[in-house]
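The values are calculated or read from the model by the stated rules, or taken from the named source; none is laboratory data. Remember, predicted model here, so these are calculated numbers, not experimental data. Here the Cβ is made from the backbone with ideal geometry for all residues, glycine too, and neighbour counts use every protein chain on show. To get the accessible areas, we keep the full protein, side chains included, count just its heavy atoms, and leave off ligands, DNA and RNA. Shrake-Rupley method; radii C 1.70, N 1.55, O 1.52, S 1.80 Å.
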Amino acid sequence: VAIVQKAECKEKTEKPPALYDLTSLQREANRVLGYTAQQTLDYTQNLYEKKLVTYPRTDSRFLTEDMAHSLTDLVKLAFHTFPVEDVDNIPVHAEQVVNNKKVTDHHAILPTVQLEKQDVFALPQPEQKILNLVGMRLLCATGEKHTYAETQITLSCEGYEFKTKGKTVVQNGWKAIEELFKAFLKTKEKDDPMKSL
């Protein structure tokens, strides 16, 4: 017979990720898409020259206070451009991404309002994927916290102690967007004829 010695339930939160600087974008593009650092820079530079993303060679992951007022419109535009159809609305928590002290020459990498005039699907595949990464990160970074309840139970049975943990999502928050994006990337890979070559 197992006896419950202790049962604890704690609510925990996971803050949204920061926006991309060049290094974090290169790391993510390598991890998710398999691109080298140079490829990521080249594709992002192409997007910058097409005025679809802000200056890529930045080491900041934040925005300046004067950008906060235009963030809601940019998030709405990104929300309608990128694959998040299962999410109803996007709350914009600008305060999570704004910090004047952490911006030196250039702010974090963002999509631009030129998205409105661009057919994203007309872009070359690699540029589309980088633009998707940048857009999704904006939606995640300004989104709700991810909240979950973690339960830890300690049992004893015939002189032995056993511990088990479980998680229950209370509010998926920004992770809902990330999950949709990962699912979208998987379906895009299946559709990509270059993948099978």
Inset, instruction - Consider a paramagnetic label point 7 Å from the Cα of Gln152 along Cα→Cβ; state which residues of region 160-187 have an amide N under 17 Å from it. - result: 161-168
Inset, instruction - Would you list, by chain and number, the lysines whose Cα falls below 16 Å from the Cα of Lys175, excluding same-chain residues fewer than 8 positions away? - result: Lys12, Lys15, Lys145, Lys167
Inset, instruction - Out of all DSSP beta bridges with both ends in the chain, state the antiparallel percent to the nearest 5. - result: 95 percent
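Exposed loop sites here are GluC sites (Glu not before Pro) in DSSP loop states with at most 16 other C-beta atoms within 10 Å. What is the longest stretch of the chain lacking them?
Between the exposed loop sites, the longest stretch runs 1-84.
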Inset, instruction - Report the label-to-label distance for Gln171 and Lys10 in nanometres (one decimal), using points 7 Å from each Cα along the Cα→Cβ vector. - result: 2.0 nm
Legend entry - Largest-first ordering by accessible area, 1.4 Å probe, given options Thr142, Thr36: Thr36, Thr142
Legend entry - His107, His69, His146, reordered so the largest accessible area comes first (probe 1.4 Å): His69, His107, His146
Legend entry - Scattering profile of the chain at q = 0.14 Å⁻¹ [log10 I(q)/I(0), Debye over alpha-carbon scatterers]: -0.82
Inset, instruction - Report the normalised scattering of region 16-102 as log10 I(q)/I(0) at q = 0.12, 0.19, 0.24, 0.26 Å⁻¹, calculated by the Debye formula with identical scatterers on the alpha carbons. - result: -0.43, -1.07, -1.34, -1.34
Inset, instruction - May I ask you to rank Cys140, Cys9, Cys157 by accessible area, largest first, using a 1.4 Å probe over the protein chains only? - result: Cys9, Cys157, Cys140
Inset, instruction - Give the calculated FRET efficiency between Asp66 and Tyr160 to the nearest 0.05, with a Förster radius of 45 Å applied to their Cβ-Cβ distance. - result: 0.15
Inset, instruction - Order the peptides 100-106, 29-35 from the highest to the lowest mean number of other Cβ atoms within 10 Å of their residues. - result: 29-35, 100-106
Legend entry - Per-selection metrics, region 1-50 (Cα): Rg and Dmax in Å: 21.0, 68
Inset, instruction - Please give the per residue volume of the convex hull enclosing the alpha carbon atoms of region 77-175, rounded to a whole number of Å³. - result: 191 Å³
Inset, instruction - With an 8 Å cut-off on Cα pairs and a minimum separation of 6 or more residues, tell me the relative contact order of region 1-158 in percent. - result: 45 percent
